[in-house]
Amino acid sequence: MKKIYALISAIIIISMVFISCKDKDYESIEQYEARMNSLEFLKYYNIQDVMAPRIVTDGVLFTFAENYDSVEVSGDFNNWEDSIPLIKSSYGVYYYLCQTPLKAGKYSYRYRVNGVWINDPVNPYTEYDNNNQSVSYFVLTNDIGFYEKNPIYNSDGTVTFFYSNNTAKEVMFTSDKLGFDSLRYPMTYSNNLWVITLRPESGNYYYNFVVDRIWEVDPLNMNVYKGSDGRLHSYILINYNQTNAIKY
């Protein structure tokens, strides 16, 4: 009897391992969407560090730590057009991620705290602007390109796909129109992004990034399709009337 119980237990354990492995290899679209929503929400929600604006993998991160009811920011990066509300993290740190492509240079900014404009209390770099107003500033030594979604429509009729990963050694691009060849189309690392420029035809387009030989979907694209090969592929509609163009 003990042998029978042991055999049944072994079968159950093997079945659980098999199911677990299967789920890990073939993530459903619903699981993927839930995971992406969770990651997007938590990415900076637990931030604790406060410092002057700094470049991170997906933008320029502003942080503010004082205990106020509302904190907003504005500056050269948005042409001083509007004050942008910061989000309060679980540790009480206010933060804002700027994903606007920016040229190398100096960028002035200020925080609006409870309706009052002040300089960044943790940034020692200040100067007087053309209105003789003291402002904080940060300096970008290189052009940076951060975008909200793929692809970027270029003025010459091409499109650029981008992928943010500063630890990868190699990133390849592949799509259904390229035969899902994972070894033939390398992306180039430039301005903190992996990029590739192509001239695809208009219409449905399925694609992946192959990061150090591991197939990945586009983390900024919630449209995902499960192919006959069991893999998840990102999905877009190539439309050259889009306005998602490079802007500096």
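FYI, it's all coordinate maths here, none of it is from the lab. No experiment lies behind these values; they were computed from the predicted model shown. Note: ideal-geometry Cβ built from the backbone for every residue, glycine included; neighbour counts use all protein chains shown.
Summary table
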| read-out | value |
| --- | --- |
| Between the range 157-235 and the range 102-154, the alpha-carbon center distance in angstrom | 31 Å |
| Mean separation of Cα contacts under 8 Å, 6 or more apart, over the residue count of the range 57-202: relative contact order % | 19 percent |
| Derived scalar couplings ³J(HN,Hα) [the range 171-187; Karplus, 6.51 cos²θ - 1.76 cosθ + 1.60; whole Hz; x for Gly, Pro] | 10, 10, 10, 8, 7, 5, 6, 9, x, 6, 7, 8, 10, 9, 10, x, 9 |
| Environment charge of Val93, counting only residues whose C-beta is closer than 13 Å and scoring Lys/Arg +1, Asp/Glu -1 | -1 |
| Per-residue HN-Hα couplings for the range 161-170 [Karplus 6.51, -1.76, 1.60; θ = phi - 60°; Hz; x = Gly/Pro] | 9, 10, 9, 9, 6, 9, 10, 5, 8, 7 |
| Table column - 3J(HN,Hα) (Hz), the range 205-221, Karplus curve with 6.51, -1.76, 1.60, x for Gly and Pro | 9, 10, 8, 8, 9, 10, 9, 6, 6, 10, 6, 10, 8, 6, x, 9, 10 |
| Mean Cα-pair separation over length for the range 74-115, i.e. relative contact order, pairs under 8 Å, 6 or more apart, % | 50 percent |
| Average projected area [Cα convex hull, the range 64-219], square nanometres | 12.3 nm² |
| Volume per residue of the C-alpha convex hull in the range 56-148, rounded to whole Å³ | 109 Å³ |
| Amide H contacts of Val56 (H built 1.01 Å from N, under 5 Å, at least 5 apart or other chain) | Leu61 |
| Built amide H within the under 5 Å cut-off of Ser89, gap 5+ | Tyr94, Tyr95 |
